[in-house]
1. Go through the stretch 192-243 and report how many residues are assigned to a loop (DSSP other than H, G, I, E, B) and either exposed (fewer than 12 other Cβ atoms within 10 Å of the Cβ) or among the polar types (S, T, N, Q) (or both).
2. Can you find even one residue in the stretch 327-341 that is closer than 27 Å to Thr125 by Cβ and surrounded by 15 or more Cβ atoms within 10 Å (Cβ to Cβ)?
3. Considering (1) at pLDDT 90 or above; (2) in contact with a Leu (Cβ under 8 Å, 6 or more places away or on another chain); (3) basic (Lys, Arg), say which one Arg27 fails and leave the rest.
4. List, please: which pairs have Cβ atoms under 8 Å, are six or more places apart or on different chains, and start with a residue in the stretch 31-50 that is farther than 21 Å from Ser332 by Cα and end with one that is aliphatic (A, V, I, L, M) and surrounded by 14 or more Cβ atoms within 10 Å (Cβ to Cβ)?
5. Out of the residues in the stretch 123-168 that are in a loop (DSSP other than H, G, I, E, B) and among the aliphatic types (A, V, I, L, M), state the one that is surrounded by the fewest Cβ atoms within 10 Å (Cβ to Cβ).
6. Given the structure, is Gly129 more than 30 Å from Tyr224 (Cα to Cα), of a type in the set (Gly, Ala, Ser) and in contact with a Gly (Cβ under 7 Å, 6 or more places away or on another chain)?
7. Among the numbered criteria (1) crowded, with 19+ Cβ neighbours inside 10 Å; (2) part of a loop (DSSP other than H, G, I, E, B), which single criterion is violated by Leu302?
8. Could you tell me which residue of the stretch 169-191 is surrounded by the fewest Cβ atoms within 10 Å (Cβ to Cβ), considering only residues that are more than 21 Å from Val262 (Cβ to Cβ) and touching a residue at least 24 places away in the same chain (Cβ under 8 Å)?
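The values are calculated or read from the model by the stated rules, or taken from the named source; none is laboratory data. It should be emphasised that the depicted structure is a prediction, and the values quoted were computed from it without experimental measurement. We place every Cβ from the backbone using ideal geometry, glycine too, and count neighbours over all the protein chains shown.
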Amino acid sequence: MTAATLTMEQRSEGVWAAAWRRYRKDRVGMVCMVIVAAFLVLIAASAVGLVAKDWQAEVGVPNAPPTFLGPRAEVPAVATADAPGPAASAPNVDISDIDPLAPKYAEWAERAKGYETTETVKAQTLPLGADRMGRDVLQKAIKGTQISVFVGVLAAVVATLIGTLLGAVSGFFGGRVGDFLEWVYNVFTSIPDILLIFAFAAVFGRGIGTVVMILGLVGWTGLYRQVRAEFMKHRQREYVRAAEAIGASVSSRMFRHILPNVSHVILVRMSLLVVGFIKSEVILSYLGLGVPVSQVSWGTMLAEAQAELILGYWWQLAAATLFMAVFVTAFSLMADAWRDALDPKLRGLE
């Protein structure tokens, strides 16, 4: 009786519950999920202004080094015989002959002493250094994480919606509808992605919305092929034919019966698109086709760091690379773990 009860409980376990149970056994996947969750919390805090709200403030001296390096040593200016000052080079020249306002300088200086002035003291070092304008690199990296991840996730959602809808229609109906959508797919795949990106960017200009639209319109083709193949396979299954026999509509069979059974494929593919689109946004912003200069992302930070690196200021490059590498690696490993947990072929090996 107990064995029968356990068997019934195992059979009643849902697909997602079983996948979560398998996922929890993957230690690397769990650690990566914690890292991704920490990034998401950081992004939410940045979006509501709890952190990195003053990323544009010039809080440090230009190119201030990271704290662990200490402040830069100031080199005092030393007058030499080979480079005498203006007075030494022209001792008999009356300065009033050169600048008619020179006699007024002393009077203006005395008047200025009567006014109180407040001079902002800028930091000589910052946790991860400062850029050429004195902005905190750490705050820029946090704000850049918000923009880059937001663009990657939203573009992946757009590509997933397009690919899923077109793939479902093509795979379920077939015939002329499927042939037409296959033609559209072949047109998009026959043109190199970089040319499509340049064409869309030239027409619609720069901006976050433009980047999302470009990546979404370019990246749906791979998901389309997978969803199309899954719908072609499932439309002949017994449960779909049974739903048709009891009078279920076409939309009901497509989106209430077939779609839940292929959702794991869509979810895993979408997670891979997020990683790819984050890297694509970085490349577009680096080339000047992505996020505008009034905002910051990992790509704009890398573009700025190019000029700074020549002068030996490497900390902005290191910060953007570190944040991007940690998030992309953790997200990729988490997606791999979910793919293994959702793979139907692995269910029979438990």
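1. Result for the stretch 192-243: 3.
2. Among the residues of the stretch 327-341, at least one is closer than 27 Å to Thr125 by Cβ and surrounded by 15 or more Cβ atoms within 10 Å (Cβ to Cβ), which makes the answer yes.
3. Arg27 satisfies every listed condition except (2).
4. Qualifying pairs under 8 Å: Ala45/Val51; Ser46/Ala52; Ser46/Ile142.
5. For the stretch 123-168, the residue satisfying everything is Met133.
6. Judged against the criteria, Gly129 is not a match.
7. All conditions are met except number (2).
8. Here the residue is Thr189.
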